[in-house]
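In what follows, a single structure is set out as structure tokens and then discussed.
The values are calculated or read from the model by the stated rules, or taken from the named source; none is laboratory data. Worth saying up front: this structure is predicted, and the values here are computed from it rather than measured. All Cβ positions, glycine included, derive from the backbone under ideal geometry; neighbour counts span all protein chains shown.
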Amino acid sequence: MKIEQTARVDYDEVDTNFRMKLPILFKRLQRAAVHHSEQVGLGSSNMVAAGAVWILNRMRMEIYRMPVYREAITIRTWHKGSAGFRAGRDFLMVCGDETVAAATSQWLYFDLNRKRIAKIPKHISEPYTVETEDILAADAIDFEVDQTFAPAQTTSVTTREGDYDPNGHVNNTVYLEYLDTLIKRSGVGDAEVGQVGIQYLKEIGRDIHTLQAGITTVGSTARFRFYDATAVYAAGVVTVGTTG
């Protein structure tokens, strides 16, 4: 089963060039995934009551162009099936007949009672049904992640109360706010993001008030990570180009 959401890009969702902000794009995809889960009776509150949550492990996105202010967007998403601890989900964002972004993602099933990743039960996977279409290459989710590189540039990030979601940790989309700030303040400036691959490694809990965002750029490709002295919370790759 594929689900679809439509909307227009609002004023608070655009940057100084009236293009959709990177974190907003991710938030729109997250909303579509949440809506899909709610449609099949597996919304976040239902999952928590049953003692489990979905954890986003990896996402790879291709951005062909950012939608602009007041432009109509349509987001489609579908479940790719599950195996063991992992489930897949793909996303497509279009403006009219034009594809503006596509993404693939990998999710883990977390048992709240046992406090560990667990095998996905049939009654959790089956309601979504399975779509076999790959929006990106089948191996796109297997991008390389370097957790230990020495950043050429860093910036400090302060968590805010509004960063936390109902699960009590910094929401996945907020990491893209950190990444957007890191890109802009590292000298890339107003460059357009073309690809993002991010792996979530450790949740940022309420006891974490400050962390570091680090980046190393080679040409149009950069490695990034969010970390402190005790852990790496997320890491990945991003490509940037010049503003058109």
Search the range 146-170 for residues being under 30 Å from V48 (Cα atoms) and surrounded by 15 or more Cβ atoms within 10 Å (Cβ to Cβ), and hand back the single one that is modelled with the lowest pLDDT.
-> N167
Name the residue, out of W78, W107, that is among the aromatic types (F, W, Y) and under 30 Å from H209 (Cβ atoms).
-> W107
The lone exception for T181 - which of (1) β-branched (V, I, T); (2) modelled with pLDDT of 95 or more; (3) assigned to a helix (DSSP H, G or I) it fails = (2)
Expected single match for charged (D, E, K, R), surrounded by fewer than 16 Cβ atoms within 10 Å (Cβ to Cβ), assigned to a strand (DSSP E or B) and at negative phi among E4, E62 is E4
Of the candidates L112, L136, L108, the one satisfying the condition of being in contact with an Asp or Glu (Cβ under 9 Å, 6 or more places away or on another chain), surrounded by 13 or more Cβ atoms within 10 Å (Cβ to Cβ), outside the structural domain of I198 (by TED's automatic domain parsing) and touching a residue at least 12 places away in the same chain (Cβ under 8 Å) is L136
Of the conditions (1) in contact with a Lys or Arg (Cβ under 8 Å, 6 or more places away or on another chain); (2) charged (D, E, K, R); (3) farther than 30 Å from G81 by Cα, R206 clears all except one; give me its number.
-> (1)
Based on what the data block shows, is R86 buried (at least 16 other Cβ atoms within 10 Å of the Cβ) and among the charged types (D, E, K, R)?
-> yes
In the range 122-132, how many residues are surrounded by 10 or more Cβ atoms within 10 Å (Cβ to Cβ) and farther than 18 Å from V53 by Cα?
-> 3
Is one or more of the residues making up the range 153-176 acidic (D, E), more than 22 Å from I63 (Cβ to Cβ) and assigned to a strand (DSSP E or B)?
-> no
